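Below is one structure, written out as structure tokens, with a few remarks after it.
The values are calculated or read from the model by the stated rules, or taken from the named source; none is laboratory data. A quick note: this is a predicted structure, and the numbers were derived from the prediction, not measured. So basically every Cβ, Gly included, is an ideal-geometry build from the backbone, and we count neighbours across all protein chains shown.
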Amino acid sequence: MSRPLSAEPDLPEDADGELPEHDGDVDGGATITPYRDGPLIVRGDFRLLDQDGAEIDPGRKTVALCRCGKSGIKPFCDGSHKRSGFSAPSAPSRPRPAAQILREARRGEGSPAE
């Protein structure tokens, strides 16, 4: 028997039942945290737009965005990932090629000219 899904996004909670605080300020911007086998948690000041540029009102400053594709309230998470067996790590299994290129370019900027 399946239980009905909540219309509220499925936000991970810490042991006290509160949302985990994000570490540090990102110059007033947003912090996006992929949760293992779960949603992307977006905290802070952000705008959520659809593909046509229309703004989607998140209704709060912290939201869970669906990564599994099974949510009934996309783009928000409704917990469907738990029943669908969605599996994804919190961090990439290998670095993105573009990230490596940027890191190498930054290292080159700090070295003295020859």
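Being at pLDDT 95 or above and part of a loop (DSSP other than H, G, I, E, B) is a description that applies to ILE73. The set of residues in segment 52-67 that are at pLDDT below 95 and either within 24 Å of ALA88 (Cβ to Cβ) or within 9 Å of the chain's Cα centre (by Cα) (or both) comprises PRO58, ARG60. Could you go through segment 52-63 and let me know if any residue there is assigned to a loop (DSSP other than H, G, I, E, B) and over 23 Å from GLY29 (Cβ atoms). The answer is yes; a qualifying residue exists.
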